Structure formats: structure tokens, C-alpha cells
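Structure first, commentary second.
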Amino acid sequence: MSQYFAYTRVSTVKQGDGVSLEAQRDAIAAYAEKHGLSIAAWFEEKETAAKRGRPVFNRVISGLLRGDAAGLIVHKIDRSARNFSDWAKVGELLDGDIDVRFVHESLDLRSRGGRLTADIQAVIAADYVRNLREECLKGIEGRLKQGLFPFNAPIGYLNPGAGKPKTPDPERAPFVRQAFELYASQQYSIRGLLAELQARGFRNRGGKPITKGCLENLLSNPFYSGLILLKSTSRRYPGIHEPLISKALFDRVQSLKENRQHKKQTLHNHTYRRLITCGFCQRSLIGERQKGHVYMRCQTKGCATKTIRADRLEGAIGATLLGLQLTAEDHDRLKADFKARLEQSTEEADRHAIELQLSNLDARLDMLTDALIDGLIDKPTFQTRKQRLEDERAALKEALQQTRDSSRKGMIVEKFLELVKSVSLTYQMADPGKKRRITEIAFSNRQLTGRNLSLKPHKWLQDASWTLGVLCGPPDQARTRTVQLVSELHEAIQSNDAA
């Protein structure tokens, strides 16, 4: 009695847990008994036939070519191959006089007509897979355009079900926020942050401590700021899920990660490390602990800049912020001024200006597409420029919405006035990481020249009246940057209050 291999296959592990493999096995066993064939070995695989390089299928082919069995029995043609490469391997078996039989198709593959029929069915199976793939990609693209993420939720989110946005994981979402905030403080390297998060109890879904690779992927994923990035095409989509962090915080983390001068490993988490520059050599001051105190010191040999104790630096920053914060009278005056500005607002003109910018942007996108079609630019350049223009369009649309929402302007201005009114007190009560962040946001220039410390406040903090005009006026680059700084400071204060 001739010895045959029997091969069964399903596309997924989930299918393999059902009855499909068992049904194939029963059909093959009945066929072998009916035709007087003996099954020498059974081979079972849970892998799509559209994919080349299936390990079990390759072992079957290799064994048959070595002469380990006289032939092969498969339930159907599409169980053996749905791609031309693997179907060619089946053809090699037939050309080598190795008997190949399909239970479901009564074909004589040793005849020209039977072989042709089998080839046609294999082509149909391959076309079916291609069409199925295209339909799946269309479905995925549709979900992405709806703002839904049709894949498994990243760590920090839960899967509520098909057709629904991902929801924050109450157990792990707080750790994700901490990861971004701690890294943005520049007090931790990746390895140092990993150790800190592991010590705080950050675990993956399997209950094991997160790995370095997991943390790096987390810090690079814009999903946490409300955007969906499709890595295969590098396209981004606005998501409708709840963001865990602000876009400003995400962008800051990316900037720090790309900065080659950012330390790879932090040995000492001094609050103002690399935050103060030397007025002579423009190098960053490094913290050193001596006799129970931290000294910020310029490391350039022979530089005339002296050291400054960290506690005295902190006092100087607090005193400067105290001189900048609003009095109660200034707060009330500026609030009244804002109401007057709002009543005289030319929002219709602002809206028209933004709509003109959007129209111009659409024209630029059309020109960019024409340049790609005409071969003037390559596809990677096209994608990069298109993404930049789409980001600009998103910002303009957000600004357009803000011109239609006076209450939102009121919220931004109220937030700003309250921040400036209490910024010194907030700084004094903040933990070291938040003190560092407030210092960065509040001061555009921080220098020590010799023994003289210079702290230059950002214009938004130095001149509250100017900032009020920017916040109330038409959208421009100054306004965007000012709103971002106000949002970052508010976020730092909120996270400090929560702690």
C-alpha cells in the first residue's frame, strides 16, 4: 500500500480551534480508505495560504522531494496554495511524478486537462485573496478616516469592541502620562525612566514589567496625543479617542528624543541641570554636589563664569516670577479690558482671513499633486510636503473654529490671567521636575555671566497686556506659540496639583 502525506490547513489560529481542521482530516481519511492509500504522516498548519514561506508546507514539499512518501493528499486546492510561488512547488511535485490528490476536486492531475483545470482554480484562489486583501484595506482606510483605530489598542488603552474608539485603561493610562511628563522634565534618560516606571509599578497586560523597547515605542506613538499613525504608509489621521496627553507635550518629547545632545543616561537628577547657560562660552552649566549643596558650574576650562548654588538660583527664579505676577488690581483691569476687546472683536474679518488661507492651502495641495503626476517630485517628497500642508490646514481649521467660539477665547484668557496671578506661588510649591518645567516655559534666556545671573522672561509673561492682545487677536505665529506656552504651563500646574 502506497504511503502518502496528508496536509491540512486553516488561515488563523482561531479557525484552528474550531471544526475546520477536524473536518478536513475526516474527509482525507475517508478518501484514503476508499482508494486504498496509507497515511504515513499528518501535517497540520494554521497559516494563510496567501503567505509564502509556510514552515509546515515547506517541510511537506522537502519530504516528498526526498522520496519520504509517494504522494500528497490535500482537502482542496486552496488549502495547499493561494499564491503562485507555492503553487509552483506543487507543480514541481507533479513534474517529478509525485502523486498529488485533492479530495474535494476529482481531477486527474496526470492529464493535461486535469492539470489545466487545477491551474485555473489556483489562479482563481490567488485572485480571491488579492480581492479580499483590497476589500480589507478599504475597510481599514474607512475606519481610519472615521478616527477609529481598527487594530489592537496600545498600552494605556482598552479595546471596547469593533466600531468604537479606544478607551483609556484606568490602570495603565496614569503611567503613560507619567512617562511623557517625566521624560519631558529632562531628569531621566530612557533607561533611568524605565527603572523609575518599573519601580512605580508600571506593568504590561501580562503583568510583567515593561521593557525598554515598549517604553521607546510608547514615547514615539502619537496615538496618546489624539493622532493615529499608520506606520506602513506614514499617514496620520485625527482620532476620536480621548487623548492621554497634549500635543504640545508629545512634540516636546519628540524634540528631546531627536536632540543628540540629550544625555543617554542620567547619573544625577539635578533640577536645573543643563538649564542655565554660561554667558561667556554658551555651554550649559552642570550640577555638582559638594558639602551637601548642589552647585551649577561651567565645565569649560579657564572660563570666567563662577558657580551658583542651586538653592540661590531657585530663590532668584522665584523672586523674578514674583515681580512678574499680576496684582489683584491688574487682574481685574485686564479682565475688563478683555471683555471690551471681545465686544469690539472683528471676528468676521478674522474668519474671512483664515478662510482665504485655507483656500490658498487647497490650491497648494493641488499643485503638489500635479507636481507628483508630472514627475517633478518623487513620492517620499510628496508625502512629506503633503503631511506638512495637512498639519497646517488642521491648525487653520482649529483657529477657524476658535473664531466662532467666543467662550473658548474667554477660557484661554481667564486661564492665562489666573496663571500669571499665581505663577510665583505655584513655582514655590512645585516638585523639582515641575520647577524645572515652569522655569523653561517662563524664561526665554537663562544665563550666568561671571557671578551675574540673567533671567529674561518670555514676552507672553513679561507683558500681560501684549499677551492679552495676541490671545484675542487674529491667529498668527505669535498667537499659536503663546497659546502653546500657556497650555504647557497650565498642564504643569495641573499635574503638580494632582500629585
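Values for this structure:
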{"quantity": "In segment 100-178, the trypsin sites (Lys or Arg not before Pro) that fall in loop regions by DSSP, at most 11 other Cβ within 10 Å", "calculated": "ARG110"}
{"quantity": "Mean Cα-pair separation over length for segment 140-230, i.e. relative contact order, pairs under 8 Å, 6 or more apart, %", "calculated": "20"}
{"quantity": "Cross-link pairs beyond the 30 Å C-alpha cut-off, checked among LYS386/LYS421; LYS247/LYS301; LYS46/LYS386; LYS164/LYS231", "calculated": "LYS386/LYS421; LYS247/LYS301; LYS46/LYS386"}
{"quantity": "Segment 74-164: GluC sites (Glu not before Pro) in DSSP coil with no more than 16 other Cβ atoms inside 10 Å", "calculated": "GLU105"}
{"quantity": "For SER444, residues with placed amide H under 5 Å, excluding near neighbours", "calculated": "LYS456, HIS458"}
{"quantity": "Linear extension gain, ASP337 paired with TRP42, 0.36 nm per residue minus alpha-carbon span", "calculated": "97.8 nm"}
{"quantity": "Sequence of ILE98, ILE441 when ordered by accessible area, the most exposed leading, probe 1.4 angstrom", "calculated": "ILE98, ILE441"}
{"quantity": "Inter-probe distance in nm under a simple model that places probes 7 Å from Cα toward Cβ, at LYS145 and LYS257", "calculated": "2.9"}
{"quantity": "Chymotrypsin sites (Phe, Trp or Tyr not before Pro) restricted to segment 97-180 and DSSP loop, no more than 13 other C-beta within 10 Å", "calculated": "PHE151"}
{"quantity": "Between segment 209-258 and segment 356-377, the alpha-carbon center distance in angstrom", "calculated": "28"}
{"quantity": "Heavy atoms of LYS76 accessible to a 1.4 Å probe, total area in Å² rounded to 10", "calculated": "60"}
{"quantity": "With all protein chains modelled, accessible area of TYR188 [1.4 Å, Å²]", "calculated": "40"}
{"quantity": "Computed over segment 160-290: relative contact order in percent, which uses C-alpha pairs under 8 Å that are six or more apart", "calculated": "25"}
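The values are calculated or read from the model by the stated rules, or taken from the named source; none is laboratory data. What you see is a predicted model; the values in this text were computed from it and never measured. Cβ coordinates were reconstructed from backbone atoms using ideal geometry, including for glycine residues, and neighbour counts include every protein chain displayed. The area values use the complete protein model at the heavy-atom level, side chains included, leaving out ligands, DNA and RNA. Shrake-Rupley method; radii C 1.70, N 1.55, O 1.52, S 1.80 Å.
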